[in-house]
Amino acid sequence: MFKRKRHRFIFLLLALWFVLWAVARILPGAPLSSRFSSSTAVYDANHKLLRLTLSADQKYRLWAPLENISPLLVQAIVLHEDHHFYLHFGVNPLSVVRAFWETYIAGGRRMGGSTITMQLARLLYHISSRTPGGKVLQSLRALELEFFYSKDQILEAYLNLVPFSRNIEGVGAASLIYFGKTADKLTLPEALCLAVIPQSPFRRTPSRLSGQPLLAARNVLYARWRGVHPGAQKDAPLMKLPLVIHDSGELPFLAPHYVEAVLAGQRGCRRSEIAGTLDLTLQRVLERNIRDYVLTRGRVGIRNCAAMLVDFRNLDVKALVGSADYFRKDIQGQVNGARAKRSPGSTLKPFIYALAIDQGLIYPMSMLKDEPLAFGSYSPENFDSRFEGPISAKEALIRSRNIPALWLASRLSKPNLYEFLKTCSISRMHSEKRYGLALVLGGGEVTMEELVRLYAMLGNRGVLKPLRYMREGPPGGGIRVLSSESSFITLDMLKDNPRPGLDYYSAGLSDSVPVSFKTGTSEGFRDAWTVGVFGPYVLAVWVGNFKGEGNPAFVGLKAAAPLFFRIVDALKAEGYDLGEPSRPMPPNLRRVEVCAVSGELPGPDCKNRKLTWFIPGKSPIKVCDIHRRVVIDNKSGLIACPPYRGPIHTEVFEFWPSDMLEIFRQAGIPRRLPPPQDPECPADVTAASGNPPKITSPVNHLTYVLSATSEENRSIVFRAVTDADVREVYWLLDESYVGKSKAGEGFVWTAKPGDYVLRAVDDRGRSDSKQLKVTLVQ
């Protein structure tokens with residue numbers, strides 16, 4: 001009876017144990033990997049290790065799933081540490097009894113007797129197993145682990161936590177540090193070598209005594225291995241080869257600013273491996289050229305540079321150098337210049353022109369005015385303090401003229417430049433009112449990353465995409481911020497920007513790589529920039545210092561552009577394919593012949609012509625009327641009218657409007673003006689040819705408000721743009737003559753209250769009119 005009850009009790013205990021074990025397997029505990037922080041291995045695009053970080057507890061520990069560990073290593077460790085691992089339930093009674101007898105009864109050498117599960121329990125729960133009480137606790141914990149976790153889970157955890165000398169833990173970190181490869185690519189000699197280290201990490205550390213104790217232990221294990229694996233005899237020659245073992249002090253520390261940018265994006269996310277987009281070969285090209293450039297230009301105060309290379313097709317960051325030397329404290333080398341907010345200088349100008357093209361304000365050959373201009377109290381100047389006069393939009397962009405860019409920016413709407421930059425996610429921008437038009441000339445701040453994204457958007461035909469630091473990052477469909485036509489035209493204009501050392505007209509003779517680039521210099525000479533697109537890449541180069549101190553040498557064209565083109569030429573010399581990616585042309589784009597002088601569709605007398613791009617239905621293109629053929633009386637030299645009374649001949653003259661003639665005069669550019677017309681020509685004949693005047697001041701339908709208590713400031717200036725053959729303009733208010741002015745000059749009228757019709761009549765009988773209203777207030 002008693003025996004029957006005892007058997008029943010034992011049966012119930014076993015049944016309860018089985019039920020609990022089954023429940024534990026159905027509802028498993030938290031993954032063992034979640035208990036420990038992990039190192040992060042950052043690789044480049046070709047799986048070359050850039051850096052292995054320390055874990056939060058200052059260990060080199062890379063968690064590798066069991067399926068990502070070489071079976072050779074798994075079998076070697078089980079053979080060496082616990083060859084009955086898959087047979088026992090966490091504790092091997094025979095091993096424990098043998099170890100207890102040898103250590104405490106027979107007085108022999110200390111034996112452990114611990115299974116892999118017991119060793120894992122000691123590592124997980126920090127158990128001191130040198131005492132009998134500690135060994136009991138270790139055994140109980142091992143039973144607990146076997147109860148809640150499978151053999152594979154236990155073995156995986158052990159392989160990832162077992163110590164490998166100093167602060168190296170787990171086979172993932174050990175294989176990477178000692179052999180420079182992941183744990184799934186180990187050879188048999190390497191696997192046996194790693195398998196024997198955990199039993200005596202201090203004595204068998206690879207750097208100790210040239211690794212002799214380690215190699216001796218490995219050879220002993222190999223002898224056992226051959227006994228278990230009869231076919232291993234074929235590996236004997238492999239075992240005789242010298243084994244190259246590295247140390248943690250030899251770990252790479254490459255592309256530090258890039259790696260830190262990648263790791264910063266992983267905060268709050270545990271990852272043991274990151275596959276980056278960086279190309280280490282390209283990275284070294286940038287680093288080498290920056291290092292050499294700083295050495296050769298240090299005499300003029302150039303001590304720090306940053307550069308970034310991105311493949312605009314997928315926005316992969318291929319190279320990033322955040323400073324000239326990461327380890328130099330005097331230049332604050334650990335600051336990442338690619339993420340520092342700096343004034344962009346003129347590098348934003350291409351986007352003003354792209355927006356103006358999209359909004360139908362210009363095309364490449366549109367004639368703009370580079371003349372003194374005032375926006376209220378703001379009177380900007382060009383960098384060289386000179387004015388070029390009339391200039392094409394393309395040349396104005398290439399030569400980085402400030403006045404045309406400011407004038408264009410003032411006419412942009414929906415979006416203007418500020419709204420465009422906000423759409424493009426330029427960070428930490430102030431209010432639009434704070435910047436005003438100074439934003440055009442670098443009055444705001446951007447990062448190198450943001451500039452690269454903007455130029456990559458031009459390469460992607462107007463689609464803005466996010467940068468990619470990791471290969472598994474989303475490619476990103478992006479958002480369209482410019483038309484494909486304006487993006488193409490803008491890059492095409494910049495492509496004719498001459499390299500340093502070449503002038504505008506000889507740039508096309510160079511056999512160098514075609515580059516669409518723009519330079520920039522911030523106010524106070526604090527930042528020098530060059531950003532450009534070539535082949536499939538966008539490259540940005542910055543020269544300056546992180547303290548914001550100015551230096552007259554920090555000029556984009558002289559400081560940043562030479563380094564930019566050094567890098568471009570180095571990439572070409574390295575054999576990289578810098579050909580432009582094949583893409584279809586934008587659909588709504590045409591190439592048209594225009595007059596080389598006016599930039600408009602050529603008339604019959606336009607002899608010099610060139611090709612330009614324009615967008616049908618959008619570009620403001622018209623037929624040129626600058627070149628006109630006139631009949632000249634041979635005797636008087638005046639323009640003759642029919643019927644002709646003497647010998648005559650025809651000549652072609654440039655008929656520029658008076659405002660453009662004034663700009664030519666201010667710029668010191670002479671023009672060949674047409675002669676006056678014969679005074680005997682009938683009025684109806686003279687009035688029928690040429691262009692009538694256009695009143696530019698006052699503005700039509702504008703009401704002028706004057707003070708009734710003051711006689712001062714009651715003057716209103718009348719101005720009109722006239723044709724080139726005009727000498728004088730007559731001014732009339734309600735058909736009453738009030739005065740005259742020379743062509744291109746203004747007439748000052750002392751205003752009186754009333755509603756008027758203002759007319760300007762040139763000396764050829766052509767006219768223009770506008771409404772004018774003047775009121776008085778008390």
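The values are calculated or read from the model by the stated rules, or taken from the named source; none is laboratory data. Model, not experiment: these values are computed from the prediction. Every residue, glycine among them, receives a Cβ derived from its backbone with ideal geometry; neighbour counts consider all protein chains shown. Heads up: the accessible areas ignore ligands, DNA and RNA and are worked out on the full protein's heavy atoms, side chains in. Shrake-Rupley method; radii C 1.70, N 1.55, O 1.52, S 1.80 Å.
Summary of values
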item: Cleavage-rule hits (chymotrypsin sites (Phe, Trp or Tyr not before Pro)) in the stretch 249-332: DSSP loop, at most 11 neighbouring Cβ within 10 angstrom; result: PHE253, PHE327
item: Label-point gap, in nm, between TYR435 and LEU263 - each point 7 angstrom along Cα→Cβ; result: 3.4
item: Degrees between helix 448-459 axis and first principal axis of the chain (Cα, 0 to 90, nearest 10); result: 70
item: q = 0.05, 0.06, 0.10 Å⁻¹, the chain: log10 I(q)/I(0) [Debye, one scatterer per Cα]; result: -0.47, -0.60, -1.08
item: Solvent-accessible area per residue, Å², over the stretch 650-778 with all protein chains present [probe radius 1.4 Å]; result: 54
item: Percent accessible area from carbon and sulfur atoms, the stretch 406-559, protein chains only, probe 1.4 Å; result: 51
item: Accessible area (Å², per residue) of the stretch 514-644, counting only protein heavy atoms and a probe of 1.4 Å; result: 45
item: Per residue accessible area in Å² of the stretch 235-371, where ligands, DNA and RNA are left out and the probe is 1.4 Å; result: 39
item: For the stretch 563-714: rounded, prolate or oblate by the Cα gyration tensor [a/c cutoff 1.5]; result: oblate
item: Neighbourhood net charge (13 Å Cβ-Cβ; Lys/Arg +1, Asp/Glu -1) for THR650; result: -1
item: CD proxy at 222 nm, helix term only [per DSSP H run n ≥ 4: -39500 (n - 2.57); per residue of the chain; nearest 500]; result: -9500 deg cm²/dmol
item: 28 Å Cα-Cα threshold exceeded, pairs from LYS59/LYS151; LYS369/LYS770; LYS329/LYS495; LYS422/LYS770; LYS341/LYS414; LYS369/LYS773; result: LYS329/LYS495; LYS422/LYS770; LYS369/LYS773
item: Degrees separating the helix 71-81 axis from the principal Cα axis of the chain, which is the longest one; result: 40
item: Accessible carbon and sulfur surface of the stretch 281-356 relative to its total accessible area, %, 1.4 Å; result: 48
item: Residue-by-residue Karplus 3J(HN,Hα) for the stretch 273-279, coefficients 6.51, -1.76, 1.60, Hz, glycine and proline x; result: 9, 10, 8, x, 9, 5, 9
item: Carbon/sulfur fraction of accessible area - the stretch 617-707, other protein chains in place, 1.4 Å, %; result: 58
item: Unit charges on C-beta of K, R, D, E only; dipole of the stretch 552-701, Debye; result: 280
item: Chain lengthening between ASN588 and GLN233 when straightened (0.36 nm per residue, less Cα-Cα); result: 120.6 nm
item: Local electrostatic count, ILE663, Cβ distance below 10 Å [Lys/Arg +1, Asp/Glu -1]; result: -3
item: Three-way shape call for the stretch 312-355 based on the alpha-carbon gyration tensor, with the a/c threshold at 1.5; result: oblate
item: Rounded tilt (10° steps) of 280-297 against the dominant C-alpha axis of the chain; result: 60
item: Cβ-isolated cysteines (cut-off 4.7 Å), the chain; result: CYS193, CYS269, CYS305, CYS424
